[in-house]
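To keep things clear, I will list the structure first and then write my remarks on it.
Just so you know, all these numbers are worked out from the coordinates, no wet-lab data involved. Just so you know, these numbers come straight off a predicted model, no measurement behind them. Reconstructed Cβ throughout: ideal geometry from the backbone, glycine too, with neighbour counts over all protein chains shown.
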Amino acid sequence: PVGNCAPDLDVTPVNDLWGGTGTGTGGGGLWAQANTVETLLLNGPGNIYTDSTGMGGDYCIGMLSTFQDDRAALTLDRDTLPFVNLTMDLSALDVLGCGGPFGVSQPSMRVVVYDTPSGIFDIFSPGTALDEDTLYGLAPLDAFTLNWASVATGLDVSQATNSNVTVLLDLLTSGYAVFDNIEITASVTGVGIAEMHRPGVSFAWPNPVQDAIRITTPAGPFTWIIFDGHGGAVAQGRANAGEPLPVAGLSAGPYTLRWNTTAASGVVRFTKE
């Protein structure tokens, strides 16, 4: 990606840049988009955006809500499993140029999964919707500073014609917002439940981890549960704020951790070495 519309903003079609670049058994799949879904250069030469966490790496994908009804969709193979679980990082963010700035507020993202028996998705005639959900991020720190929230949902695709389904993302609120670190896994169970949809700010360290991990949570005791890449629960327990959580017994790979207190909940992802 290169800045070709405004500083640190690339309007090249998302499938040209990212189609097939995903990893895992489902591959990257094919992207479709409506209007100008962009790639933002978080560490670009214009040095416009601030990501103090580093969670966004070098690039993320952004879209408009009401100025244009931007939508992005990814067609994947669910391997005949009944649920598609999605996790990603979501943040409000604004852009300079290309018609912006557009304004920022708490972002919300509608996620819809469609039956795509042919494996070819038409974003303007999407076909039969199988399930949907809305995920909520956090209020922005400011227009150009990322405030990531890890969000998740589990979508029922058991009525799909065959293995081919398409996950569509549609920004509902915040004039502009970005997403990154998207993971979509087919599973026998759905891990995205309502209490996960308004997570607090939560980070894990060290990440990657070998023996024990700490997460940021509100003060006080919390319960936690860890899911593997297939959506299965592999560990759970109760801890106090700041207390390390044992993960030495987990196999190497990516995991999702859900925590809950009496007043808040959140989701954080980490990798076990």
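Below, the figures for the structure above:
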| quantity | calculated |
| --- | --- |
| Cα convex hull volume per residue for region 1-56 (Å³) | 93 Å³ |
| Gain on full stretching of the segment that runs from residue 21 to residue 132 - 0.36 nm per residue minus C-alpha separation | 37.5 nm |
| Kirkwood Rh and Cα Rg combined as Rg over Rh, evaluated for region 25-90 | 1.03 |
| GNM flexibility winner over the chain from 162, 47, 85 (Cα, springs under 10 Å) | 47 |
| Relative contact order %, the chain, counting alpha carbon pairs below 8 Å whose residues are six or more apart | 18 percent |
| Relative intensity, log₁₀ I(q)/I(0), of region 62-134 from a Debye sum that treats every alpha carbon as a point, q = 0.16, 0.23, 0.25 Å⁻¹ | -0.73, -1.17, -1.29 |
| Cβ charges +1 (Lys, Arg) and -1 (Asp, Glu), total dipole of the chain, debye | 660 debye |
| Projected area averaged over orientations for region 130-186, convex hull of C-alpha atoms, nm² | 4.6 nm² |
| Principal axis dimensions, the chain - Cα atoms, whole angstrom, descending | 48, 45, 31 |
| For the chain, built as a Gaussian network whose Cα springs stay under 10 Å, the top-fluctuating residue of 83, 222, 179 | 222 |
| Residue-averaged 222 nm ellipticity for the chain, from DSSP H runs of 4+ at -39500 (n - 2.57), nearest 500 | -500 deg cm²/dmol |
| Added length on full extension, which subtracts the Cα-Cα distance from 0.36 nm per residue, residue 251 to residue 238 | 2.6 nm |
| Prolate/oblate/rounded call for region 1-114, Cα gyration tensor, a/c under 1.5 rounded | prolate |
